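The values are calculated or read from the model by the stated rules, or taken from the named source; none is laboratory data. Not measured: the values here are computed from a predicted model. Glycine gets a Cβ as well: all are built from the backbone with ideal geometry, and neighbour counts include every protein chain shown. The area values use the complete protein model at the heavy-atom level, side chains included, leaving out ligands, DNA and RNA. Shrake-Rupley method; radii C 1.70, N 1.55, O 1.52, S 1.80 Å.
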Amino acid sequence: MLLLRSLRFFPVLCTGRSAGSALLQPSQPWHTLHAGPTLSSSASSKELLMKLRRKTGYSFVNCKKALEACDGDLKQAEAWLHKQAQKEGWSKAAKLQGRKTKEGLIGLLQEGNTTVLVEVNCETDFVSRNLKFQQLVQQVALGTMSHCQSLNDQLSTYTKGFLNSSELSELAAGPNREGSLKDQLALAIGKLGENMILRRAAWVMVPSGFYVGSYVHGVTQSPSLHNLVLGKYGALVVCQTCEQSANLKDVGRRLGQHVVGMAPLSVGSLDDEPGGETETRMLSQPYLLDPSITLGQYVQPQGVSVVDFVRFECGEVEEEEAVEAK
């Protein structure tokens, strides 16, 4: 009996307190002691978490981390997520640099008298079909469009310009986006885990009396991208016209199809004879949709004059790049 009593009081004696004080002290459950904020404690916190997840697209775990780091401030949490994603993206970009990027998309965007054509490359066709990659192409097109519209040129004739990869990367990201296009590129690399390149852009601005025909081949439809057209090939054809006819859009599209399919190197003139050295001149080439006539013979009755064009093929190697690769 004495032994049982001593064992019963042994835990109390080990605490350094008297048996009386231990018996009077109320017990405290361990789970009432915790540190730091918790998001699962209220319905409002769960709503914040869902809202941040829907708005940013980041995982629940990262959204929770962001809200905890920012004491539940939604705006600060969103900025925190983008900052962390950008850091991760730059880190991944450095690791992936040098990996071949022969896939991707051409993006076409037209607003008013300005038309832009952009190319963004990635490693695989699988990623090119991902909405996040397509949204990157959209940002590049919008950034290029904003750049063109900021030039404020007084146009007496059409103007055409090109941007290489480094010039494109430095452009502002466009409406409702912070930083430059290279920052958007880093975010996309961080999310998709592939090497990507903002390859190039071309733009055309026209005054009245001119029209830009356009065509994109291998079109990828995405309702969320509004009036951006995506594909693997793209062409812009600058036409001069005396009047805006009803079929001008259709003519412009057909001319764009010809440029994509026949890949001319210059416009040429209506006096060029078919064949021989003129095979790469647009107007003397057999018309793609009716090879029995030349493109010049198709154009003449339409009341338009072809003055210039731009052709992009996704992943094509330009002469300068080919020389550098040797």
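So which residues in the stretch 51-68 are closer than 20 Å to residue 191 by Cβ, assigned to a helix (DSSP H, G or I) and open to solvent by 30 Å² or more (accessible area, probe 1.4 Å)? Once the filter is applied, which keeps residues that are closer than 20 Å to residue 191 by Cβ, assigned to a helix (DSSP H, G or I) and open to solvent by 30 Å² or more (accessible area, probe 1.4 Å), the stretch 51-68 yields 51, 53, 54, 55, 60, 61, 62, 64, 65. Here is the figure for the stretch 157-190: residues that are within 15 Å of the chain's Cα centre (by Cα) and not in a helix (DSSP H, G or I) total 11. State whether one or more residues within the stretch 130-139 are in contact (Cβ under 8 Å) with a residue 24 or more places away in the chain and out of contact with any helix residue (DSSP H, G or I) (no Cβ under 9 Å at 6 or more places or on another chain). Within the stretch 130-139, none of the residues are in contact (Cβ under 8 Å) with a residue 24 or more places away in the chain and out of contact with any helix residue (DSSP H, G or I) (no Cβ under 9 Å at 6 or more places or on another chain). In the stretch 279-298, the qualifying residues are those that are open to solvent by less than 20 Å² (accessible area, probe 1.4 Å) and among the hydroxyl-bearing types (Ser, Thr, Tyr), and the one that is farthest from residue 212 (Cα to Cα) is 284. Of the residues in the stretch 306-318, not one is closer than 18 Å to residue 251 by Cβ and either at pLDDT below 90 or in contact with a Pro (Cβ under 6 Å, 6 or more places away or on another chain) (or both). The listed residues are 183, 272, and the only one of them that is among the acidic types (Asp, Glu), in contact with a strand residue (DSSP E or B) (Cβ under 9 Å, 6 or more places away or on another chain) and open to solvent by less than 60 Å² (accessible area, probe 1.4 Å) turns out to be 272.
Can you spot a residue in the stretch 236-251 that is closer than 30 Å to residue 303 by Cα, open to solvent by 30 Å² or more (accessible area, probe 1.4 Å), at pLDDT below 85 and under 20 Å from the mean Cα position of the chain (by Cα)? Scanning the stretch 236-251, I find no residue that is closer than 30 Å to residue 303 by Cα, open to solvent by 30 Å² or more (accessible area, probe 1.4 Å), at pLDDT below 85 and under 20 Å from the mean Cα position of the chain (by Cα), so the answer is no.
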